[in-house]
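S.K.: Take a look at this one; I'll ask things after.
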Amino acid sequence: MNDRPVLLCAATTGYQVRAFGDVARRLGVPLAFATDRCDQLEDPWWDQAVPIRFHAPDESADAVVSAMGGRLPRGVLAVGDPPVGIAARVADRLGLPWHPPAAADASRIKLAFREALAAAGLPHPWFTALAAGADLRAQARTLRYPCVVKPLSRSGSQGVMRVDSAEAFESAVARIRRLLALPDVRRPHDERGDVLLAEAFIPGREYAIEGLMTAGTLEVLAIFDKPDPLDGPFFEETIYVTPCEMEEDVQARLGEAVAAAARALGLRHGAIHAECRVSGGVPYVIEVAARPIGGLCARALRFGDGRPLEELLLRHALGEDVSTWTREAAASGVMMIPIPRRGVLKGVAGVEAARAVPYVRDVAITAGIDQVLVPLPEGRSYLGFIFARAAAAPAVVEALRAAHARLSFLIDREVPVVSHAS
């Protein structure tokens, strides 16, 4: 067995880390980890991971290369947005195929992505950067409504708001800036953390595309339909279902638009996840991330005889040809269970009843008891995930909705902590 590992760059708490570990053990492929754990503790997770800091990608990449010594990896993988810059730099230093560092960095910054689309002459909404300290009322008068205001580098629709008037614009900007100032959100090393992006709201149906790039060529692995309308004021995603029921020529145009956007960014090799809207028959690429679909949503994808997405990506990182892999014939989907209101989770009921719904394959509650729940736009997590498979997409969507209706969550009002000076 080749003892050279595949390097996995990830957040310590990333959902997919365990899935990649399970696949690697089954295939007999060693994994090496680079994660954002404390560098003062002696291997707290017992996985010999190299500690990295997402705000210092160059130093972190140097640390990874140094720590691996002569046991250089055969390939590179990244889970989640923050690790992609480090993965790209490690691959670049070691001459491994992956996305170039500049492209990986640009994929995480919404303004950089818009500028790349504009420079390439690709369809895009109008956009403008909103610098901190600027006159909000003056800016509000220059915009067209409805528009969308968002932070440059947050993910999962956190801080993304639709506004329909100048007054709503001022309120939204103030709300987003309060969010970005929170201790668990603020990124002290982010020089553009106070800059926001305003762009046109694009009406139409939204889709997600899971793809894999090999030497600059994109292969579309799946197109997810999002049957719930995402028209604002916030953009909380709920159901993903595939295959989508759109005309084949529109699907082809969607794939071509994502491939063109990825090329405009400079992405070349590895997983990508894209968000798109189709408006008036024109595909608009909202974002392209240099990583696979997040959370537990990858469980909605199976290939061939039931192999998971993580196996396809691991084999691709090893240099294997996976171009013949195709998604299973059945329709499948996932519901990201939304947080209905802010509070403290005290109980969950109906899980077994939800699992008993026909076509439902699993219900995974990921929020913990006594966890403070924060809905969008300030939050970025979910209560859990529901998975379903059936012969056709409408049956999957119906099963997901029926299972969700059987769940109930006891959420207590959050009691604020008051400090008293002695």
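The values are calculated or read from the model by the stated rules, or taken from the named source; none is laboratory data. On a predicted model such as this, the values are computed, not experimentally measured, just so you know. With ideal geometry, Cβ positions are generated from the backbone for all residues, glycine too; neighbour counts draw on all protein chains shown.
S.K.: Inside the range 364-379, can you point out the residues that are more than 18 Å from ILE239 (Cβ to Cβ) and not β-branched (Val, Ile, Thr)?
M.R.: Listed by number, the residues that qualify are ALA367, GLY368, ASP370, GLN371, LEU373, PRO377, GLU378, GLY379.
S.K.: Output the number of residues of the range 113-130 satisfying the condition of being under 26 Å from ASP58 (Cα atoms) and either in contact (Cβ under 8 Å) with a residue 60 or more places away in the chain or touching a His at 6+ places or on another chain (Cβ under 7 Å) (or both).
M.R.: Total satisfying the criteria: 3.
S.K.: Restricting to the range 238-258, name every residue that is modelled with pLDDT under 95 and surrounded by 21 or more Cβ atoms within 10 Å (Cβ to Cβ).
M.R.: The one that is modelled with pLDDT under 95 and surrounded by 21 or more Cβ atoms within 10 Å (Cβ to Cβ): CYS244.
S.K.: Could you tell me whether the range 198-210 includes any residue that is among the small types (Gly, Ala, Ser), touching a strand residue (DSSP E or B) at 6+ places or on another chain (Cβ under 6 Å) and not in a strand (DSSP E or B)?
M.R.: Yes.
S.K.: Now for a separate question. Give the residue, chosen from GLU245, GLU167, GLU219, GLU236, that is over 18 Å from ALA129 (Cβ atoms) and touching an Asp or Glu at 6+ places or on another chain (Cβ under 8 Å).
M.R.: Only one candidate passes the filter, namely GLU245.
S.K.: Answer yes or no: is there a residue in the range 221-233 that is buried (at least 20 other Cβ atoms within 10 Å of the Cβ), among the aromatic types (Phe, Trp, Tyr) and closer than 22 Å to SER381 by Cβ.
M.R.: Yes, the range 221-233 contains a residue that is buried (at least 20 other Cβ atoms within 10 Å of the Cβ), among the aromatic types (Phe, Trp, Tyr) and closer than 22 Å to SER381 by Cβ.
S.K.: Follow-up question, since we're still on this one. Taking GLU310 as meeting all but one of (1) closer than 30 Å to LEU96 by Cβ; (2) of a type in the set (D, E, K, R); (3) surrounded by fewer than 20 Cβ atoms within 10 Å (Cβ to Cβ), write down the number of the exception.
M.R.: (3)
So that you can scan it fast, the table gives a plain yes or no per residue for (1) assigned to a loop (DSSP other than H, G, I, E, B); (2) touching a strand residue (DSSP E or B) at 6+ places or on another chain (Cβ under 7 Å); (3) without any contact (Cβ under 8 Å) to a residue 60 or more places away in the chain:
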{"residue": "GLU237", "(1), (2), (3)": "yes, yes, no"}
{"residue": "MET246", "(1), (2), (3)": "yes, no, yes"}
{"residue": "ALA262", "(1), (2), (3)": "no, yes, yes"}
{"residue": "ALA274", "(1), (2), (3)": "no, yes, no"}
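S.K.: Can you find even one residue in the range 382-405 that is in a loop (DSSP other than H, G, I, E, B) and out of contact with any strand residue (DSSP E or B) (no Cβ under 8 Å at 6 or more places or on another chain)? Reasoning before the result, please.
M.R.: Of the range 382-405, the ones in a loop (DSSP other than H, G, I, E, B) are 382-383, 391-392.
Filter once more, keeping what is out of contact with any strand residue (DSSP E or B) (no Cβ under 8 Å at 6 or more places or on another chain): none.
So far as the range 382-405 goes, no, none of its residues is in a loop (DSSP other than H, G, I, E, B) and out of contact with any strand residue (DSSP E or B) (no Cβ under 8 Å at 6 or more places or on another chain).
S.K.: Against the definition (modelled with pLDDT of 95 or more and touching a His at 6+ places or on another chain (Cβ under 7 Å)), how does ARG299 come out, yes or no?
M.R.: no
S.K.: Further question: May I ask you to list the residues in the range 365-398 that are surrounded by fewer than 16 Cβ atoms within 10 Å (Cβ to Cβ) and of a type in the set (A, V, I, L, M, F, W, C)?
M.R.: Correct list: ILE369, VAL372, ALA391, ALA392.
S.K.: On the given criteria, is GLU320 among the charged types (D, E, K, R), surrounded by fewer than 20 Cβ atoms within 10 Å (Cβ to Cβ) and without any contact (Cβ under 8 Å) to a residue 60 or more places away in the chain?
M.R.: Values: among the charged types (D, E, K, R): yes; surrounded by fewer than 20 Cβ atoms within 10 Å (Cβ to Cβ): yes; without any contact (Cβ under 8 Å) to a residue 60 or more places away in the chain: yes.
Judged against the criteria, GLU320 is a match.
S.K.: Okay, moving on. Name the one entry in ALA259, ALA215 that is within 19 Å of the chain's Cα centre (by Cα) and closer than 27 Å to LEU314 by Cβ.
M.R.: Sole residue among the options that is within 19 Å of the chain's Cα centre (by Cα) and closer than 27 Å to LEU314 by Cβ: ALA259.
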